[in-house]
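The structure appears below as structure tokens.
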Amino acid sequence: MHRITVNSAHAESGYTCLAFSRDGSKIYTGGAEGYVRIWKTELGDTQEPDVAAEGEEGITSIATSFECWLSGSLDACVRVYDADKSTMRGLVTRTVAVPVRCVAVDPKGQRVAVASDELEIRIIDLNNTSDIQKLEGHRKGVRKVTWHPSGTILTSSGCDGDIIAWDVPAGGESKRIETVTGFLPIADPESTEHMYDSSCVWHPSGNYFLVATRTHEIVSISRETWQKSLTFSSDVVTGAITALAVSQNGTYLASATAAGIFIWSTMTRKVLFQPHYIRYTPGANFSLASHVAFSPTENLLAWTDADATLTRWSEPIHPSFPDPIKSHLSSTTAPKPMRKNTDILGLDDESVQKAPQEGMDDNYGIDDDDWIIDDIGLLDNPDKEPRMDGIHAKEMVSVTKAQPAFQPASTPMVNKKRYLAYNMIGVIEVTDQDTHNVVNVEFHDRSTRMSSHFQDVNKCDMASLGERGALYACPEEGDHPAQIMYKPYSAWGSSGEWDYSLPPGENVVALAAGGSSPSKTLRTKSPDGDIEGNGNVIVATSPGYIRFFSGGGVQQYIWNLAVDVVSMVAQREWVFIIHRDGGTSLDGCQNLSYSLIAFDTFNILQTGRLPVPRGATLKWIGITEEGAPAIYDSNGLLSILDRFRRPTQARWVPLLETTSLARRQGKDESYWPVGISGALLMCIILKGREEYPGFPRPLIQEIEVQMPIYSLNEPQGRIEERVMREKVYINFLRDGLGGELNEDVPRRELNIDKELIQLIQLTCKNEQLQKALDLVTLLHNISSFDLAMKVAEFYHLAGLKIKIQLMKQDRIQQEGFQDIYGEKELLKELAPVSAPRRPHLHSVKPHLEPFSSSTTVRKSLAPAIPIVPSFTSSDDVDIEHTPTETTDPPVTWDAFPNDTLATAECVEPNKKRKDSDAFENDNQSASKKRILSTTETTSNVTLINPFAKKNHNNPFSRPVPTKSTEATRSNSFFEKIEEPRSKNGARKTKQKTATRQTTLFDLASGSGAEKKSGVTTKIQNNVSGILESPVLPGPNMQPTNVTLPPVIDDQNLNSSIDCPADDDIEWPESPPRISKKLET
Amino acid sequence: MTLPQSLISSMMPEELELIAMEQLIDIVPSFRADKIRLISGTFGPFRPPSKTKVPLWFAVNLKLKKKCRIVPPVWLSIEFLQERLSQETLSEEFTAFPFRFAEISKVLLDVASDDLHNPDRLRSLLKDLREARQAKSREGLRKLNHEMLEIPNLCSMELNEIRPFFARAMDVMIRLQSDALPEHLAKVIEDM
């Protein structure tokens, strides 16, 4: 029977200590007046206890052994008495006139450790009190000593805040194992804090001890690492912890604070019980308990307080809970092994491996300190509690608590107010008015939906704010069944609303309202607006059903998922459901999965595991504007589901690590996500340790997402991150469009190209040529290749330039290929096992062969080392020569009639010359022009392609009136920029003018001639890579096609190339993709 | 306009306010709209609950129609102002502030006080700041000489305040100075 017995134990109020005899039949209390009273446990509050009155000053500590008990006193003496009696045997030891603070007998009852205000701890053999070991190491007086269950480790707590663990083998040499600092407060013997319990209370498993910290928490410190492993804290338990005790089998922990006595479960770290009569309101008069102890043999908790009263609480642990003592211990020893085994089986359920033999050893070895691992693991959800059995079995169990179901972005009721939903559409705020709730629905976009409020008598505790309606659910209460209500926005307060009462016993676990976003405002009634429907409603209920309703209230589908649904959220097209398949796993993973289910077909689009790491919980789920599911976990990591539209291809990518945000440095803030809009995380920033936003509604802040890749501090890393992220988003867009293209995709692709060109420029600058080449493969627009080539040219990387050129040609072909077969990128990526494409191998191979015969590819990529040209320096001659080496045009060119671009470009020089008539006096250095122009020549020649003639039957080509300079522009966007500028004659920047090729006139001028004469020497001095270039393009050329007179080639020589300073690149609108026209 | 003599040489606070109205400010619109093209530029798109930058006059207009929430600038917060106020009182120099902070804060306090956190406190802080700065600018005028007066971080409203006196005083000083100058230099000044 649950009973509390109170005895006034001592005359003088003050520090009162307490100890149970080892058989639990007696309770010893020591008072400030120096007396020890011996209470019989079985007697009530009317007994007259024995008194041991030898103490001259206050008793500070009592320890019990089998045949004796000991008291430590402020009078510097440790006395030993006969067990259960008040007859004193004698003094064990006497300190040097300083108070004894703690005596502790080891589990075997052989040795006693004495802590006093001396700096040393004495370990005294009880059979031979002259055998004293001294442990020195504390810098101040010692407050408490405790023994490890094995009896070989002693922990001591000092006034200096140190906890020292000592290895004290029986009869062996003692040594210090570890000093644990930072937990205990520094307490002067005069301070009140010194009275509070600072002992390291060992869990009977011996694997960790519990200690009350200076921050008023209870922490467990592992014996393996001597580090804090877990924290016991609760909202109700506040204030300094004055006493601490663990039950006999370690299942429960009792702590005393100013707020009362609390019994915790050591596994769930939750407060379980509290004596009813001291469930004090804060500030009530409760004298601080100075010592608390569990009875070793029965379900009894006793404590003494500063008023010197002894309080006994029988049956503190409710009978329905596991016993605090060893539940199977009986007086007879025979059945023990058997029962032990059953225990062990019970343990096995928790995967705590324990050898039977070992358990028995424990049992026989130290009878009273035997312990049993609680077998309530199945009852409560075991929390991660590393446990070790005895000395062997080291399996660590860290099971994460299964997280309860939650509605994303809802908050608990605080000050009678809470948010039921907070998303990118709006907010549902609830105010508790005792008899009813006032529900206030407000939208961010008030032009589309009208805010409203209503009185809710059902006190809904869950809601979801959808595009077209708000869904509410209230729990079952009394005879009122659980209910769901849907209120579409288009018909506030009118017939559009519907509700369902759930059958008894069925409750709503999670709910979501989805639906396409309204195309016009929902504030006014429009006759055709109803056609769009009222969205979709999805409700997960306790039997494991997921019910689908239409916005009008039609029950459309029911899915028996039969597992715990944790959360769900819906948007336009689908609902994103988080469920837990089975229990949590042993390694601490929550085992969460997700499913993405389309509204229209009820198809499961994606399903898989959720990347919630061990020990973390899911904090928020949402769906981005693009439709991608996103999650945010308690580690502050935001992840998004990439390729969610491609069956079986979805995977999670981390989008933002909020813990490493730059803005968070030096601040204590957390982020409460509301939604994701493009590259912005919309969230509410919570200061300090807030977990939820409060009222009034804070402003939504925007944080730019940043994928956690390396070297984000450098510009290269940042650009790489942007490119990577943008590609993910473009894929979303592309997939969503299903093969069609809108304006957005090319625009964003062009933006990526801009970034890439910047990156290419950076890599070229750093001579990371392979990296540059890799980046080139990422380019989207054909015209961006030209820009990349210019960059390469600017850095005098002719070899790189040629490779880009080849890549460009390959890309042109590839696009043609794609379109001929009508392949969408989507299908291509889904092709089961497609070999990685090797661009150059099949299509451009013939070009490469001559390369290797003349110079190696790598060489051209090498840094510029001047070498003497082995061939004649005149470029004209080179060009004349190379054609002779030319083999037949590559076959691949025939295969694809898409050399339009080449065609277009072969006219380009003409146009350029015309355009740039106005800009003759370039002031670039002649030498640079020379060198660059060498390559320019080659590229031009490359483009003069026999197949150019075919352009009239090329489906890709724009209708190109043949020789009109205005119209023959290629689709390259360079021309696009330059054209209007040159027309204006406006000369905006010098670099722009530099891009123009100089004209015939220019050539005729003296400066041109001068430049020409300079060619030979400059080439020799400058770039070795360039020297190869004239030879390279050979195969591409047809001698018959070099229609231009040599003079024109000379002009090309003089043409100067734009230096693409990264901030100076002008970007035109993206060109239409050439290949789209192929369908005709 | 019939204005007192002292005001003719300077602008009125309302005029300054009008100028300040061109400053951009963040708002959270409560309506959805695409980009709009104004003479001063293109603003938007308006996608609640995302922020967007618009000119102050536009924000004020929307606010009066209850179509937006104005996001107060960083400097219009109690912590910031308090810190600046203590700096202001401690140091001789003017602390750096946005050039038109006085106008903007007045407009925001008038129009969007419900979007500000504790507007009364802000108002009193701003007043304290103004007084501290005004005292300094008066003090600074003592250093006026015929060549230059350097007061960094002076804001438009404060500048406007001292302008009439400053301009005339400087004028007088230059004239006095030129009297003392050698004749050929005086002539040069005269010609100027």
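The values are calculated or read from the model by the stated rules, or taken from the named source; none is laboratory data. Worth saying up front: this structure is predicted, and the values here are computed from it rather than measured. Using ideal geometry, Cβ is built from the backbone for each residue, glycine included, and neighbour counts are taken over all protein chains shown.
Checking the structure you have, find out if any residue of the stretch A:712-729 is more than 14 Å from chain B (Cβ to nearest Cβ), under 18 Å from A:VAL653 (Cα atoms) and not in a helix (DSSP H, G or I).
Here is the first cut: in the stretch A:712-729, the ones more than 14 Å from chain B (Cβ to nearest Cβ) are A:712-729.
Narrowing further to those that are under 18 Å from A:VAL653 (Cα atoms): A:712, A:717-729.
Now drop any that are not not in a helix (DSSP H, G or I), which leaves A:712.
Yes: one or more hits.
Might you check whether a residue that is without any contact (Cβ under 8 Å) to a residue 40 or more places away in the chain and in contact with a helix residue (DSSP H, G or I) (Cβ under 9 Å, 6 or more places away or on another chain) occurs anywhere in the stretch A:547-554? Before you say what the answer is, go through the steps one by one.
Just the residues of the stretch A:547-554 that are without any contact (Cβ under 8 Å) to a residue 40 or more places away in the chain, to begin with: A:547, A:550, A:554.
If we keep only those that are in contact with a helix residue (DSSP H, G or I) (Cβ under 9 Å, 6 or more places away or on another chain) too, we end up with none.
No: zero hits.
Would you be able to tell me the number of residues in the stretch A:670-687 that are closer than 21 Å to B:LEU116 by Cα and more than 14 Å from chain B (Cβ to nearest Cβ)? Outline the logic, then answer.
Pass one, the stretch A:670-687, residues closer than 21 Å to B:LEU116 by Cα: A:682-687.
Applying the additional criterion that residues be more than 14 Å from chain B (Cβ to nearest Cβ) yields A:686.
Here the count works out to 1.
What number of residues in the stretch A:670-680 are outside any strand (DSSP E or B) and within 16 Å of the chain's Cα centre (by Cα)?
Taking the stretch A:670-680 as the starting set, the residues that turn out to be outside any strand (DSSP E or B) are A:678-679.
Add one more test, that the residue is within 16 Å of the chain's Cα centre (by Cα), and what stays is none.
Going through the stretch A:670-680 one residue at a time, the tally reaches 0.
Does the stretch B:70-87 include one or more residues that are touching an Asp or Glu at 6+ places or on another chain (Cβ under 9 Å) and of a type in the set (Ser, Thr, Tyr)?
no
Tell me which residues, restricted to the stretch A:658-669, are more than 14 Å from every other protein chain (Cβ to nearest Cβ) and part of a loop (DSSP other than H, G, I, E, B).
A:LEU661, A:GLN665, A:GLY666, A:ASP668, listed by residue number.
Looking for whichever is outside any loop (DSSP other than H, G, I, E, B), more than 25 Å from A:ASN440 (Cα to Cα) and either small (Gly, Ala, Ser) or away from every other protein chain (no Cβ under 13 Å) (or both) here; the options are A:ILE631, A:ILE621, A:ILE703. Which one fits? Spell out the reasoning first.
Numbers: A:ILE621 fails: more than 25 Å from A:ASN440 (Cα to Cα); A:ILE703 fails: either small (Gly, Ala, Ser) or away from every other protein chain (no Cβ under 13 Å) (or both).
Of the residues listed, the single one that is outside any loop (DSSP other than H, G, I, E, B), more than 25 Å from A:ASN440 (Cα to Cα) and either small (Gly, Ala, Ser) or away from every other protein chain (no Cβ under 13 Å) (or both) is A:ILE631.
Would you point out which residue out of A:THR411, A:THR448 is assigned to a loop (DSSP other than H, G, I, E, B), buried (at least 16 other Cβ atoms within 10 Å of the Cβ) and within 14 Å of chain B (Cβ to nearest Cβ)? Talk me through it step by step, then tell me what you get.
Details: A:THR411 fails: within 14 Å of chain B (Cβ to nearest Cβ).
Of A:THR411, A:THR448, the one residue that is assigned to a loop (DSSP other than H, G, I, E, B), buried (at least 16 other Cβ atoms within 10 Å of the Cβ) and within 14 Å of chain B (Cβ to nearest Cβ) is A:THR448.
Taking interchain pairs and intrachain pairs at least six residues apart, which have beta carbon atoms under 8 angstrom, with the first residue in the stretch B:40-51 and more than 14 Å from chain A (Cβ to nearest Cβ) and the second of a type in the set (Lys, Arg) and in a loop (DSSP other than H, G, I, E, B)?
B:THR42/B:LYS35; B:PHE43/B:LYS35
Do we have any residue at all in the stretch B:86-99 that's within 23 Å of B:CYS155 (Cβ to Cβ), away from chain A (no Cβ under 14 Å) and aliphatic (A, V, I, L, M)? Spell out the reasoning first.
If we filter the stretch B:86-99 for residues that are within 23 Å of B:CYS155 (Cβ to Cβ), which is where we start, we get B:86-99.
Next, only the ones that are away from chain A (no Cβ under 14 Å) stay: B:86-99.
Going one step further and asking which of them are aliphatic (A, V, I, L, M), we end up with B:90, B:96.
The answer is yes; a qualifying residue exists.
Looking at A:LYS26, is it surrounded by fewer than 18 Cβ atoms within 10 Å (Cβ to Cβ) and in contact with a strand residue (DSSP E or B) (Cβ under 7 Å, 6 or more places away or on another chain)? Please lay out each step first, then the result.
Values: surrounded by fewer than 18 Cβ atoms within 10 Å (Cβ to Cβ): no; in contact with a strand residue (DSSP E or B) (Cβ under 7 Å, 6 or more places away or on another chain): yes.
Criteria not met by A:LYS26.
Quick grid of which residues meet (1) under 30 Å from A:TYR557 (Cβ atoms); (2) not β-branched (Val, Ile, Thr):
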| residue | (1), (2) |
| --- | --- |
| A:ILE597 | yes, no |
| A:PRO611 | yes, yes |
| A:TRP620 | yes, yes |
| A:LEU638 | no, yes |
| A:ARG646 | yes, yes |
| A:ALA650 | yes, yes |
| A:VAL653 | no, no |
| A:GLN665 | no, yes |
| A:LEU681 | no, yes |
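Looking at the stretch A:226-252, which of its residues are in contact (Cβ under 8 Å) with a residue 60 or more places away in the chain, assigned to a strand (DSSP E or B) and over 25 Å from A:THR297 (Cα atoms)? Step through it out loud before you land on a result.
Looking only at the stretch A:226-252, we keep the residues that are in contact (Cβ under 8 Å) with a residue 60 or more places away in the chain, and these are A:226, A:229-230, A:243, A:247-252.
Still in the list and also assigned to a strand (DSSP E or B): A:229-230, A:243, A:252.
Within the stretch A:226-252, A:SER229, A:LEU230 qualify.
For A:ALA513, all conditions in the list (1) farther than 24 Å from B:ARG32 by Cα; (2) among the small types (Gly, Ala, Ser); (3) modelled with pLDDT of 90 or more hold save one; what is the number of the exception?
Every condition holds for A:ALA513 apart from (1).
Just name the residue that is nearest to the other protein chains (Cβ to nearest Cβ) out of those in the stretch B:25-36 that are touching a Gly at 6+ places or on another chain (Cβ under 9 Å) and of a type outside the set (Gly, Ala, Ser). Steps first, please.
Step one: of the stretch B:25-36, the residues touching a Gly at 6+ places or on another chain (Cβ under 9 Å) are B:29, B:33-36.
Then drop every residue that is not of a type outside the set (Gly, Ala, Ser), which leaves B:29, B:34-36.
Values: B:PRO29: 8, B:ASP34: 12, B:LYS35: 14, B:ILE36: 14 Å.
Per the stated criteria, the residue is B:PRO29.
Failed condition for A:LEU655, given (1) within 14 Å of chain B (Cβ to nearest Cβ); (2) within 28 Å of A:PRO404 (Cβ to Cβ), with all others met?
If we test A:LEU655 against (1) within 14 Å of chain B (Cβ to nearest Cβ); (2) within 28 Å of A:PRO404 (Cβ to Cβ), just (1) comes out false.
Hey, any hits in the stretch A:691-700 for a residue that's touching a Ser or Thr at 6+ places or on another chain (Cβ under 8 Å) and either surrounded by 14 or more Cβ atoms within 10 Å (Cβ to Cβ) or within 14 Å of chain B (Cβ to nearest Cβ) (or both)?
In the first step, residues of the stretch A:691-700 are kept if they are touching a Ser or Thr at 6+ places or on another chain (Cβ under 8 Å); the result is A:691-693.
Those still in the list that are either surrounded by 14 or more Cβ atoms within 10 Å (Cβ to Cβ) or within 14 Å of chain B (Cβ to nearest Cβ) (or both) too: A:692-693.
Yes, there is a match, as at least one residue in the stretch A:691-700 is touching a Ser or Thr at 6+ places or on another chain (Cβ under 8 Å) and either surrounded by 14 or more Cβ atoms within 10 Å (Cβ to Cβ) or within 14 Å of chain B (Cβ to nearest Cβ) (or both).
I'd like to know if the stretch A:186-200 contains one or more residues that are within 38 Å of the chain's Cα centre (by Cα), farther than 27 Å from A:ASP307 by Cα, at pLDDT 85 or above and not in a strand (DSSP E or B).
Quick first cut of the stretch A:186-200, residues within 38 Å of the chain's Cα centre (by Cα) only: A:186, A:198-200.
Then drop every residue that is not farther than 27 Å from A:ASP307 by Cα, which leaves none.
Scanning the stretch A:186-200 turns up no residue that is within 38 Å of the chain's Cα centre (by Cα), farther than 27 Å from A:ASP307 by Cα, at pLDDT 85 or above and not in a strand (DSSP E or B).
So B:GLU22 passes all but one of these: (1) within 14 Å of another protein chain (Cβ to nearest Cβ); (2) in contact (Cβ under 8 Å) with a residue 24 or more places away in the chain; (3) among the acidic types (Asp, Glu). Which condition number does it fail?
(1)
Is there a residue being small (Gly, Ala, Ser) and modelled with pLDDT of 90 or more anywhere in the stretch A:576-590? If you could, list the steps in order and put the result at the bottom.
At the first step, the residues of the stretch A:576-590 found to be small (Gly, Ala, Ser) are A:582-583, A:585, A:588.
Checking which are modelled with pLDDT of 90 or more leaves us with none.
Within the stretch A:576-590, none of the residues are small (Gly, Ala, Ser) and modelled with pLDDT of 90 or more.
Here are some conditions: (1) more than 12 Å from chain A (Cβ to nearest Cβ); (2) of a type in the set (D, E, K, R); (3) without any contact (Cβ under 8 Å) to a residue 60 or more places away in the chain. B:LYS67 meets all but one. Which one does it not meet?
Result: B:LYS67 fails condition (1) only.
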